[in-house]
Every structure is written in C-alpha cells, then in structure tokens.
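J.: The structure is given below, and queries will be raised subsequently.
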Amino acid sequence: MSKTIITKKGLDIKLIGEAKGLPGASAHASLPCTCWSTWQAMSEHKFGQEYTDKLKVRRDESRQMLESFIRFAEAILAGGGEVSFGWPKTCLGWHLPELMEMITRFDMHSVIVHSCPLGMTNTEGEPALKQWRFVTTLARMAAVLEPLKCAHEELEDVGACAGLHCAGREGAAVERECDGGPVQLDHWIRLGRV
C-alpha cells in the first residue's frame with residue numbers, strides 16, 4: 001500500500017487510525033527540504049527581510065509536516081512496525097530538535113547513501129554524487145543501504161549535481177541481498193509515501 005499522508009496542512013488523522021489497524025506496517029518519509037538547504041543563508045542575504053519572512057513560513061510548514069510524521073511513526077511503531085526518514089545529508093533540518101529527539105527516542109540507525117550506485121546522473125550524463133542521510137528503526141534496512149557508496153576513485157570522475165540539474169534514475173530500483181533474501185529498494189525515498 002502506498003499513500004501520500006502528509007500535506008502542508010498536516011497529517012490525515014484518519015490514517016493514524018488506519019495505522020493502528022496495520023500491525024507490522026512500514027512507513028517512510030522524505031519531506032520537502034528546500035527550505036532547509038544551506039543555500040538559504042545566501043538567499044536571505046541576497047533577497048532581504050521579505051525572503052526571510054517567507055522562508056520562516058515555509059520552515060514552519062515543514063516542521064508541521066515533520067511533527068505529523070512523528071505522530072504517524074509512533075502509531076506504526078506501536079503496532080510493531082518500522083519507520084524510516086530521509087533527507088539530503090547536508091540538510092539543515094537534521095538539526096531540528098524534534099527530529100533529533102525522534103531519532104534518539106526511536107533508537108534509529110543512521111546511514112549515508114550516495115547516488116552513484118543508484119545510477120543517478122547529471123544532465124551531462126555523468127555519474128552524479130548526491131548524498132542522502134537515512135535514519136531507520138530497521139537495522140536490516142541500514143545494513144542494505146550502507147554499501148551504497150561512491151566507487152569512483154577520483155572526485156573528478158563524478159559530475160556536478162545541483163538538485164534539479166540531475167537526471168536519470170534517482171532512487172531507481174536496486175536489489176540487494178539481505179538475510180538470505182532479496183530486498184527491493186524501489187524509489188521509496190518519494191515524498192511522504194507509506
């Protein structure tokens with residue numbers, strides 16, 4: 001089952017009830033992260049107070065979506081399920097107190113994943129090195145993701161990646177052996193999917 005559960009207005013409360021009826025379910029969230037980009041400081045400097053005010057609104061919406069996911073994750077975990085969350089490695093949102101508290105309280109494993117082994121390329125067709133951080137309550141998922149690292153010997157062998165200027169198979173299906181059986185990682189890093 002795959003459903004979008006989080007909007008700018010928050011979590012569909014009905015789905016929390018549904019989650020309680022799905023013992024052993026898994027949930028993953030990767031919320032919009034542009035408002036937490038390290039480049040936002042440059043934009044604030046360049047565009048001034050009006051930009052800063054709009055950025056605050058976007059960040060408040062992001063925090064609301066994160067808090068909604070945390071409530072949903074609590075329901076999934078209460079039913080014996082597993083949860084995971086992912087954002088780009090350098091996303092400033094990782095420093096949000098509520099996210100750090102969730103990671104600690106849920107005893108989540110943290111892993112950095114590189115895009116090269118997933119086939120992500122820039123618009124020039126070169127392998128693009130983008131790094132994501134995933135946290136998960138499932139040790140098996142962390143073990144499967146851990147080997148997904150750039151194998152290029154020289155950084156010059158990897159093309160530049162700048163968000164929308166990357167193309168190809170971002171998050172494309174990857175199958176890895178885990179605990180004697182295949183685990184399919186099929187673009188589960190999509191926005192707010194269960």
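J.: Please give me, ordered by residue number, the trypsin sites (Lys or Arg not before Pro) of the range 35-133 that lie in loop per DSSP and have at most 16 other Cβ atoms within 10 Å.
T.: Filter output for the range 35-133: LYS89.
J.: Additional query: May I ask you to list the chymotrypsin sites (Phe, Trp or Tyr not before Pro) in the range 82-153 that are in a DSSP loop and have at most 11 other Cβ atoms within 10 Å of their Cβ?
T.: none
J.: Any idea how far apart ARG105 and GLU18 come out in nm if each label point goes 7 Å out from Cα toward Cβ?
T.: It is 2.4 nm.
J.: With a 1.4 Å probe and all protein chains kept in place, how much accessible area does MET42 have, in Å² rounded to the nearest 10?
T.: For MET42, solvent-accessible area is about 100 Å².
J.: Under a 5 Å amide H to amide H cut-off, with H placed in plane at 1.01 Å, what residues pair with LYS89 once short-range neighbours are removed?
T.: GLN131, TRP132, ARG133
J.: With every protein chain left in place, what is the accessible area per residue of the range 58-111 in square angstrom, probe 1.4 Å?
T.: Using a 1.4 Å probe on heavy atoms only, each residue of the range 58-111 averages 43 Å².
J.: Which value, in Å² and to the nearest 10, is the accessible area of GLU101 when all protein chains are kept and the probe is 1.4 Å?
T.: Counting only protein heavy atoms, the figure is 90 Å².
J.: While we're on this one: With a point put 7 Å past each Cα toward its Cβ, work out how far SER43 is from ARG71 in nm, to one decimal.
T.: The answer from the label model is 2.7 nm.
J.: Would you tell me the accessible area of ASP60, worked out with a 1.4 angstrom probe on the heavy atoms of the protein chains, in Å² to the nearest 10?
T.: Solvent-accessible area, nearest 10 Å²: 70 Å².
J.: Let me ask another. Carbon-plus-sulfur fraction of the accessible area of the range 60-145, 1.4 Å probe, in percent?
T.: Exposed carbon and sulfur together represent 52 percent of the surface.
J.: Next question. Counting only residues 5 or more places away or on other chains, whose amide H sits under 5 Å from the amide H of THR123 once H atoms are built in the peptide plane?
T.: Under 5 Å from the amide H of THR123 lie the amide H atoms of ALA167, each far enough along the sequence or on another chain.
The values are calculated or read from the model by the stated rules, or taken from the named source; none is laboratory data. This structure is a prediction, so every number in the text was calculated from the model and none was measured. Glycine gets a Cβ as well: all are built from the backbone with ideal geometry, and neighbour counts include every protein chain shown. Note: areas computed on protein heavy atoms with side chains; ligands, DNA, RNA excluded. Shrake-Rupley method; radii C 1.70, N 1.55, O 1.52, S 1.80 Å.
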